[in-house]
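K.L.:
Right, I'll just put the structure down here and ask away after.
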Amino acid sequence: MKNINFQGKKAIMRVDFNVPLDKQYNITDDTRMREAIPTIKHVLEAGGAVILMSHLGRPLDKLKEDGSINVEKFTLNHVTKHLAEMLGVTVKFCPETVGETATKMAAELNPGEVLVLENTRFQKQEEKGDLEFSSQLAKLGDIYVNDAFGTAHRAHASTTVMAQFFPKENRTFGFLMENEIKHADKVLNNPARPFTAITGGAKVSDKIVLLERFLDLVDNIIIGGGMAYTFMKAKGGKIGNSLVEDDKLDLALELLRKAEAKGVKIYLPADSIVADKFDAAANYQTTLSNEIPDGWMGLDIGEKAVNSFKNVIKDSKTIIWNGPMGVFEMPNFANGTKAIAVAVAEATKGGAFSLVGGGDSVAAVNQMGLADEVSFVSTGGGAMLEMLEGKELPGIKAILAD
Ligand code: AMP
């Protein structure tokens, strides 16, 4: 961004304005918009104009009964007014994504002005990464900016394919995306040690690739949440009615064996808060995680587990956290996740680098008001996970390609 001269130029910028809306189409959480503001402002202040592209929802999956797009519900015009207020400049809206009107409005855009194109996903060519559609989008601007990290793992027209129509010096990451890449890079290349990965959440099957990858990266893996019970059962423990993936027992043992061979320490929760049903108002008690009585299920990690996990976290110099330690949506089963969030914040204060990434752990850290006390909270969800898994993201590759 900083090396590009935007003076008199039109930046065509992919952002993630897929914001939640209420029934009256008011924006209920503008985080994603706020995050894109520095990149947009940079172009405007440098004397350029900005043409914005984004998707909003899944309009093609939710067509009206007559087969047409529900424009009223999915139009990106829902964001224009708020965006104008945030930027303090005129924001125009173009009722099509590409076409004659889009071409005309883009051509007439003056420096310092912003144009929002209609929802990219109104066109089926978007998700197909159609070359012709990508080229039409590319013709609207002089410089391509991608600041939508959350969709960087998708090879769609506006997130990836259109980049090839710009010479290398005229395509760039925006500040938000640059920041995400920089932080992921920091943990993936030359991390300070000990390096600890904290994983949790519901299922082992969702995290297999991640766990395998961690075996080659980290010194310690802490496993909490529902996925811990598959490991407990694999080791011969009694887990009552806890969440379990019986078809993953062998895999769990295999992961434990590989970890031992590679010298990676795996920490499972010694004890659990167990409940008599999956309910916020369930009765609960603490038991060892491998001696859970029939009819009871582990919904959070217990005090012994919290203490042992905290000790590992305290001594770590790099920490990645993905996935809650329990059913943190229910207050009686949120303590484990809270304690781990505090421990990560404390380790960060003591000089550790901490990255929290992936849906629910981000929600947990935000809920506890600790987002500013960890080094970096990734908004990238799936994109961040794929990056940590070592996959090459098409949206990143397209910007860096020769
Ligand atoms: P994930 O999307 O895989 O990170 O999983 C997050 C979900 O896992 C959250 O909604 C949690 O409530 C749920 N979860 C965490 N621990 C447990 C548990 N012990 N039993 C059932 N669900 C859990």
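K.L.:
What is the antiparallel percent of DSSP beta bridges lying wholly in the stretch 204-328, to the nearest 5?
P.N.:
The antiparallel proportion sits near 65 percent.
K.L.:
For the chain, what is the accessible area per residue in Å², given a 1.4 Å probe and the full set of protein chains?
P.N.:
Accessible area per residue, the chain: 44 Å².
K.L.:
If you don't mind, there's one more thing I want to ask. Residue separation times 0.36 nm, minus the C-alpha to C-alpha distance between Lys203 and Asp276: what's the value?
P.N.:
Gain on extension, Lys203 to Asp276, equals 24.2 nm.
K.L.:
Just want the answer: with Cβ charges of +1 for Lys and Arg and -1 for Asp and Glu, which residue in Leu355, Gly129, Asn335 is farthest toward the dipole's positive end in the chain?
P.N.:
Leu355
K.L.:
For the stretch 387-397, take each phi angle, set θ = phi - 60°, evaluate the Karplus expression 6.51 cos²θ - 1.76 cosθ + 1.60, and give the result in whole Hz per residue in order, putting x for glycine and proline.
P.N.:
5, 5, 6, x, 7, 8, 7, x, x, 7, 4
K.L.:
If we count every other residue with Cβ under 15 angstrom of Asp315's Cβ, Lys/Arg +1 and Asp/Glu -1, where does the sum land?
P.N.:
+4
K.L.:
When the chain is treated as a GNM, springs tying every alpha-carbon pair under 10 Å, which of Tyr25, Tyr284, Tyr144 comes out with the largest mean-square fluctuation?
P.N.:
Tyr25
K.L.:
While we're looking at this one, here's another question. In the chain, if the dipole is taken from +1 on Lys/Arg beta carbons and -1 on Asp/Glu beta carbons about the Cα centre, which of Asn283, Gly381, Leu56 is farthest to the positive end?
P.N.:
Of the listed residues, the answer is Gly381.
K.L.:
Another question about this same structure. Out of residues 5 or more away from Ile51 or on other chains, whose amide H comes under 5 Å of its own, with H placed 1.01 Å from N in the peptide plane?
P.N.:
It is Ala11, Ile12, Met13, Leu115, by chain and number.
K.L.:
Further, regarding this structure: Charges only on Cβ, +1 for Lys and Arg, -1 for Asp and Glu: so what's the dipole of the stretch 218-341 about the Cα centre, in debye to the nearest 20?
P.N.:
The dipole of the stretch 218-341 has a size of about 520 debye.
K.L.:
On to the next question. Highest mean first, how do 263-274, 13-24 rank when packing is the count of other Cβ atoms within 10 Å averaged over residues?
P.N.:
Going from most to least packed, we get 263-274, 13-24.
K.L.:
Also, I was wondering about something else. Please list the non-local residues whose amide H lies under 5 Å from the amide H of Glu291, H modeled 1.01 Å from N, same-chain partners needing a gap of 5 or more.
P.N.:
Those qualifying (amide H under 5 Å, at least 5 residues apart or on another chain) are Lys238.
K.L.:
Sticking with this structure for a sec: Under a Cβ-only charge scheme (Lys and Arg +1, Asp and Glu -1), can you give me the dipole magnitude of the chain about the Cα centre, in debye to the nearest 20?
P.N.:
Around 700 debye, computed over the chain.
K.L.:
For the stretch 342-352, what does the Karplus curve 6.51 cos²θ - 1.76 cosθ + 1.60, with θ = phi - 60°, yield as ³J(HN,Hα) per residue in whole Hz, taken in order and with x for Gly and Pro?
P.N.:
So the J values, rounded to whole Hz, are 5, 4, 5, 4, 5, 4, 5, 4, x, x, 6.
K.L.:
Using a simple spin-label model with points 7 Å from Cα along the Cα→Cβ vector, what separation in nm is obtained for Lys258 and Glu291?
P.N.:
Distance between the two pseudo-spin positions: 3.3 nm.
K.L.:
Determine ³J(HN,Hα), in whole Hz, for all residues of the stretch 126-132 in sequence, where each value follows from phi through the Karplus function 6.51 cos²θ - 1.76 cosθ + 1.60 and θ = phi - 60°; x replaces Gly and Pro.
P.N.:
Computed from phi, the couplings for the stretch 126-132 are 4, 6, 7, x, 4, 5, 5 Hz.
K.L.:
Nearest 5 percent is fine: what portion of the DSSP beta bridges confined to the stretch 10-175 is antiparallel?
P.N.:
For the stretch 10-175, the DSSP antiparallel bridge percentage is about 5.
K.L.:
I would also like to ask the following. Classify the stretch 142-263 as rounded, prolate or oblate from the Cα gyration tensor: take a ≥ b ≥ c as the square roots of its eigenvalues, call it rounded if a/c is under 1.5, otherwise prolate when a/b beats b/c and oblate if not.
P.N.:
It comes out prolate by the Cα gyration axes.
K.L.:
Among the listed pairs Lys9/Lys139; Lys81/Lys104; Lys203/Lys349; Lys124/Lys207; Lys2/Lys41; Lys207/Lys317, which have their C-alpha atoms separated by more than 19 angstrom in this model?
P.N.:
Among Lys9/Lys139; Lys81/Lys104; Lys203/Lys349; Lys124/Lys207; Lys2/Lys41; Lys207/Lys317, the Cα-Cα distance tops 19 Å for Lys81/Lys104; Lys203/Lys349; Lys124/Lys207; Lys207/Lys317.
K.L.:
Compare Lys104, Lys203, Lys186 in a GNM of the chain, Cα atoms joined below 10 Å, and give the one with the largest fluctuation.
P.N.:
Judging by the Gaussian network model, the answer is Lys104.
K.L.:
Here's something else I'd like to know. Let me have the 222 nm mean residue ellipticity of the chain computed from DSSP H runs of 4+ only, each contributing -39500 (n - 2.57), with the sum over all residues rounded to the nearest 500.
P.N.:
-10000 deg cm²/dmol
K.L.:
Answer rounded, prolate or oblate for the stretch 191-388, using the Cα gyration tensor with square roots of eigenvalues a ≥ b ≥ c: rounded when a/c is under 1.5, else prolate when a/b is larger than b/c, else oblate.
P.N.:
Oblate shape, in that a/c is at least 1.5 and b/c is the bigger or equal ratio.
K.L.:
While we're on this one: Normalising by the residue count of the chain, find the relative contact order in percent from Cα pairs under 8 Å and 6+ residues apart.
P.N.:
Answer for the chain is 14 percent.
K.L.:
When a/c is below 1.5 the answer is rounded, else prolate if a/b is larger than b/c, else oblate, so apply that to the chain with a ≥ b ≥ c taken from the square roots of the Cα gyration tensor eigenvalues.
P.N.:
Prolate, because a/c is 1.5 or more and a/b exceeds b/c.
K.L.:
Okay, next question. Quick one: net charge of Pro111's neighbours, Cβ under 13 Å, K/R +1, D/E -1?
P.N.:
The answer is -2.
K.L.:
Would you grab the residues whose amide H sits under 5 Å from the one on Ile320? Only those 5+ places off in sequence or on another chain, please, with H modelled 1.01 Å from N.
P.N.:
Thr196, Ala197, Ile198, Leu355
K.L.:
Another question about this same structure. Taking all protein chains as present, what is the carbon and sulfur share of the accessible area of the stretch 10-175, in % to the nearest whole number, probe 1.4 Å?
P.N.:
On the stretch 10-175, the fraction of accessible area on carbon and sulfur atoms equals 48 percent.
K.L.:
Starting from the 7 Å offset along Cα-to-Cβ, what nm value, one decimal, do you get for the label separation of Lys304 and Lys62?
P.N.:
Placing both labels 7 Å beyond Cα along the Cβ direction yields 4.7 nm.
K.L.:
Taking springs between alpha-carbon atoms closer than 10 angstrom, which of Ser205, Ser375, Ser135 fluctuates most in the Gaussian network model of the chain?
P.N.:
Evaluated over the chain, the most mobile residue of the options is Ser205.
K.L.:
Under 12 Å from the Cβ of Gly357, count the other residues' Cβ atoms, weight Lys and Arg +1, Asp and Glu -1, and hand me the total.
P.N.:
-4
K.L.:
Using 0.36 nm per residue of separation minus the Cα-Cα distance, give me the extension gain between Arg34 and Asp315 in nm, one decimal.
P.N.:
Gain on extension, Arg34 to Asp315, equals 97.7 nm.
K.L.:
Indicate, rounded to the nearest 5 percent, the antiparallel portion of the DSSP beta bridges found entirely in the chain.
P.N.:
Of those bridges, close to 20 percent are antiparallel.
K.L.:
Okay, moving on. Carbon and sulfur atoms: what percent of the 1.4 Å accessible area of the stretch 283-331 do they account for?
P.N.:
49
The values are calculated or read from the model by the stated rules, or taken from the named source; none is laboratory data. A quick note: this is a predicted structure, and the numbers were derived from the prediction, not measured. Here Cβ is always computed from backbone atoms with ideal geometry, including for glycine, and neighbour counts include all displayed protein chains. Remember, those area values only see protein heavy atoms, side chains included, never the ligands or the DNA or RNA. Shrake-Rupley method; radii C 1.70, N 1.55, O 1.52, S 1.80 Å.
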